[in-house]
Amino acid sequence: MIDAGVGQVRSFNRLVTQRVGALNDHYLARDRPLGEARLLWEIGAAGCDVRLLRARLDLDSGYLSRLLRSLEGDGLVSVDPSEGDRRVRTVRLTAAGLAERELLEQRSDELARSFLEPLSEPRRRRLVAAMAEVERLLTAALVEIAVVDPAGHDAQFCLHEYYAELAQRFETGFDPALSISAEHDDFRPPAGAFLVATLRAEPVGCGALKLQPDGSAYLKRMWVAGPVRGLGIARRLLGELERHAAAHGARVATLETNRALTEAIGLYRSAGYREVDPFNDEPYAHHWFEKRLG
């Protein structure tokens, strides 16, 4: 199925690169190519760390450095050590850079209007809806999932956001100290695993498992950030947890959840989990599930 779609994807890419002017060294009739213009937009009015720019745009460090030197030579950006950490370099737009970015914004709007103006209103709606769907699917394809240390920065960020959301959504609030034990060591190999999903180098979701002596895998800490829900990240995380559990000998995956988490309940049921009698005394749980692993 993937091979059958390759030709269409390549055709789409050729059309888009030509239509947006990516082939022209004078993007939007300015004296710089698309790469430099895109970098000005990503730096933004508040500035941005170089390493974050590299991760967001998925650029080789050497190529990014060349782009920044060119923009710096034109007086559009300054690159200085960060105030908080001298090892980190931060890029900021100069007054000329801010003016250039504003002009690029205006011309980008004009280019977008040129896509829509030749079309009838129904076709405009179709194009805008199709672009939104393509953007959503391409964004979903950028998400990466990896096993990380549960004490690391990304894992701790996800857990903090997860606990905060549960505290808001549960009728009684949420105190992780009252929940069933889930210490860092529980989620470190060989006892278990902690997975984090990232999008453009930013953590956007997590999930964890504890391998049990009875041959089951106990799944915990499933969370996805609100702005990226609907991209299939939770289902991917669940699938990765199941594959990891099966690869380490688990025959059954178990989990419990609160009745307030209706989306999670729907996900588990659609993924083949069946509701069972309570198998632990988790104080925040109303539903217990299990699934046989292939």
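Some values worked out for this structure:
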read-out	value
Long-range neighbours under 8 Å by Cβ, at least six apart or interchain, first residue touching a residue at least 40 places away in the same chain (Cβ under 8 Å) and more than 26 Å from LEU111 (Cα to Cα) within region 34-62, second aliphatic (A, V, I, L, M) and in a helix (DSSP H, G or I)	VAL50/LEU64; VAL50/LEU68
Verdict on ARG169 being surrounded by fewer than 15 Cβ atoms within 10 Å (Cβ to Cβ), modelled with pLDDT of 95 or more and more than 26 Å from GLN212 (Cα to Cα)	yes
Members of region 176-220 that are closer than 30 Å to CYS48 by Cβ and in a strand (DSSP E or B)	PHE194, LEU195, VAL196, ALA197, THR198, LEU199, GLU202, PRO203, VAL204, GLY205, CYS206, GLY207
Region 188-209, subset closer than 15 Å to HIS244 by Cα and out of contact with any strand residue (DSSP E or B) (no Cβ under 7 Å at 6 or more places or on another chain), residue least open to solvent (accessible area, probe 1.4 Å)	ARG188
Residue in region 87-101 that is assigned to a loop (DSSP other than H, G, I, E, B), over 19 Å from the mean Cα position of the chain (by Cα) and without any contact (Cβ under 8 Å) to a residue 12 or more places away in the chain present	yes
Flag if ALA201 is within 14 Å of the chain's Cα centre (by Cα) and in contact (Cβ under 8 Å) with a residue 24 or more places away in the chain	yes
Residue match in region 74-92 (condition: open to solvent by less than 80 Å² (accessible area, probe 1.4 Å) and under 29 Å from ARG125 (Cα atoms))	no
Evaluation of TYR63 against (1) under 25 Å from the mean Cα position of the chain (by Cα); (2) open to solvent by less than 40 Å² (accessible area, probe 1.4 Å) (one fails), failing number	(2)
Residue among GLY215, GLY232 that alone is at positive phi and either free of Cβ contacts under 8 Å to residues at least 60 places away in the same chain or touching a Cys at 6+ places or on another chain (Cβ under 7 Å) (or both)	GLY215
Boolean, ASP109 is out of contact with any strand residue (DSSP E or B) (no Cβ under 6 Å at 6 or more places or on another chain) and outside any helix (DSSP H, G or I)	no
Residues satisfying the stated conditions in region 135-148, i.e. open to solvent by 70 Å² or more (accessible area, probe 1.4 Å) and touching a Lys or Arg at 6+ places or on another chain (Cβ under 7 Å)	LEU142
Matching residues in region 19-54 - criterion: being assigned to a helix (DSSP H, G or I), at pLDDT 85 or above and not charged (D, E, K, R)	LEU34, GLY35, ALA37, LEU39, LEU40, TRP41, ILE43, VAL50, LEU52, LEU53
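The values are calculated or read from the model by the stated rules, or taken from the named source; none is laboratory data. Values in this document were obtained by computation on a predicted structure and should not be read as measured data. No Cβ is skipped: glycine too gets one built from the backbone with ideal geometry, and neighbour counts run over all protein chains shown. These area figures cover heavy atoms from the full protein model, side chains too; ligands, DNA and RNA do not enter into them. Shrake-Rupley method; radii C 1.70, N 1.55, O 1.52, S 1.80 Å.
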